[in-house]
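*Asks:* Sharing a structure here in structure tokens format.
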Amino acid sequence: MKIVAVLPARMASSRFPNKPLAKILGLEMIEHVRRRTLLSKSVHEVVVATCDEIIKETVEAYGGKAVMTSDTHRGCIDRVAEASQIVDGDLILVIQGDEPLILPKMIDDLVNPMLQDESIYCTNLVTKITDDEEFLSPNAPKVVIDKNWDLLYASREPIPSVKKAPNSDFLKLKQLGLIGFRKSFLDVFAKLPATPYELIESVDINRAIEHGYKVRMVLTEGQMIGVDVPGDVSRVEKVFESDKILKEYLK
């Protein structure tokens, strides 16, 4: 089974323009993500999907592979779906280009459920939220799950309700930008019309559940800081001070 990781990236971010090429310890962020993804033994190929020629040129200058996609996509999954028509794979992994702290083990965690259970056709990584600031931040999508760890809903608001909980000691989960698809379901997803909650929450995985499909959420360990605004770069660099795999690709 061929597993392909596709990294969607675009320059036109309202909160952080030109974000993929922002330098982190002297290396472009998209290149951190690409190189760290390549360290996973689960992945056979890594491709950057972009609508910006400058991103493609940057990735190719480092010896990476990139494909051009339309500039009309609302969400990252649709961009990856277009790229998946060019690259060949049985499992297509969405690895968002603004997750520079991704660890190879996280990718293993993402694909394992689909390798072990043929009935699972979509997975999404989550981590536990441990501080109130992140739980309240609109930059961090929160999710609630059912007893089987399938997604019920994703929101940028703090869910479940902190006002009605007897205390704050309940499971708080943050959606990560790592989503796995069987290629057959990714093709289905891309043809589904956008949905109200997908657009309201600006979380495209809501489209799947609004159309009645299951998304298996997978808990993973490790500190993840998605780069949403310029100030997040310094936060990532601070974590990199103790990162164990940085020296494997940054020389």
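The values are calculated or read from the model by the stated rules, or taken from the named source; none is laboratory data. The shown structure was predicted, so the numbers you read here are calculated from the model rather than taken from an experiment. FYI the Cβ positions are ideal-geometry reconstructions off the backbone, even for glycines, and counts take in every protein chain you see. For accessibility, only protein heavy atoms count, side chains too; no ligands or nucleic acids. Shrake-Rupley method; radii C 1.70, N 1.55, O 1.52, S 1.80 Å.
*Asks:* From Ile92, Ile77, which residue is crowded, with 19+ Cβ neighbours inside 10 Å, in a strand (DSSP E or B) and hydrophobic (A, V, I, L, M, F, W, C)?
*Replies:* Working: Ile77 fails: in a strand (DSSP E or B).
Criteria check complete, one pass: Ile92.
Residue by residue, here is whether (1) open to solvent by less than 20 Å² (accessible area, probe 1.4 Å); (2) more than 18 Å from Val94 (Cβ to Cβ) holds:
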residue	(1), (2)
Ile205	yes, no
Ile209	no, no
Gly212	no, yes
Met217	yes, no
Glu221	no, yes
Asp228	no, no
Lys247	no, yes
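*Asks:* Which condition number in (1) surrounded by 14 or more Cβ atoms within 10 Å (Cβ to Cβ); (2) at pLDDT below 95; (3) not aliphatic (A, V, I, L, M) is the one that Thr72 fails?
*Replies:* Checking Thr72 against (1) surrounded by 14 or more Cβ atoms within 10 Å (Cβ to Cβ); (2) at pLDDT below 95; (3) not aliphatic (A, V, I, L, M), the one that fails is (1).
*Asks:* Quick check on this structure: which one of Arg15, Arg10, Arg36 is out of contact with any Gly (no Cβ under 9 Å at 6 or more places or on another chain), surrounded by fewer than 21 Cβ atoms within 10 Å (Cβ to Cβ) and within 18 Å of Cys76 (Cβ to Cβ)?
*Replies:* On the way: Arg10 fails: out of contact with any Gly (no Cβ under 9 Å at 6 or more places or on another chain); Arg36 fails: surrounded by fewer than 21 Cβ atoms within 10 Å (Cβ to Cβ).
Unique residue meeting the criteria: Arg15.
*Asks:* Right, something else. Just one of the numbered conditions (1) open to solvent by less than 10 Å² (accessible area, probe 1.4 Å); (2) over 18 Å from the mean Cα position of the chain (by Cα); (3) not acidic (Asp, Glu) is not true of Lys147; which one?
*Replies:* For Lys147, the failing item is (1).
*Asks:* Without any contact (Cβ under 8 Å) to a residue 40 or more places away in the chain, aliphatic (A, V, I, L, M) and either in contact with a Ser or Thr (Cβ under 6 Å, 6 or more places away or on another chain) or not in a helix (DSSP H, G or I) (or both), is that true of Ile86? Reasoning before the result, please.
*Replies:* Numbers: without any contact (Cβ under 8 Å) to a residue 40 or more places away in the chain: yes; aliphatic (A, V, I, L, M): yes; either in contact with a Ser or Thr (Cβ under 6 Å, 6 or more places away or on another chain) or not in a helix (DSSP H, G or I) (or both): yes.
Yes.
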